[in-house]
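Let me begin by presenting the structure, written as structure tokens, before commenting on it.
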Amino acid sequence: MTTSKLFESVLQILFPRNDMLRVLQNNSLPQKVLPRTYALSAYNNAILCPLGMLYTHQRGVLRLCPSCMRALRSHPPRQPRDSLANFQYYGLSQLPHDIQEAISKGEAASFVSFCFRLFYYGLSPPSRT
């Protein structure tokens, strides 16, 4: 069994309630970096990974790891420690392609440069000329 098949076999399915999605919000993120890869409003502005969604244009079931499932099903729901909403969302899809590539390749120097650019230019990459 491949690693991806093994990982998929442990994922659990959940149709999220509003209270669950509420704990997956991050109101500290600037509007311009919020995800555009799925219908954010349909998911109550929760910061989610579209790879775990069966539907991106309307609210639907999510595929979750057991740890996230336990946190969201607790009473009241808790934000999972490893959730994107817990300041682990980078707005990757909104970044210039070269920076997306550098981050996906794990190029540390490029990532530091990316962080500096966001800080220096007020959370906006510099314009390309």
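Throughout, read-outs are computed from the coordinates displayed, never taken from laboratory work. This is a predicted model, so every value here is computed, not measured. Because the Cβ atoms are built from the backbone with ideal geometry, glycine has one as well, and the counts that use them run over all protein chains shown.
Need the C-alpha centroid separation for region 23-55 versus region 57-71, integer Å. Using only Cα atoms, the two centres lie 13 Å from each other. Shown here for region 19-100: chymotrypsin sites (Phe, Trp or Tyr not before Pro) in loop regions (DSSP other than H, G, I, E, B) with at most 14 other Cβ atoms within 10 Å, namely Y55, F87.
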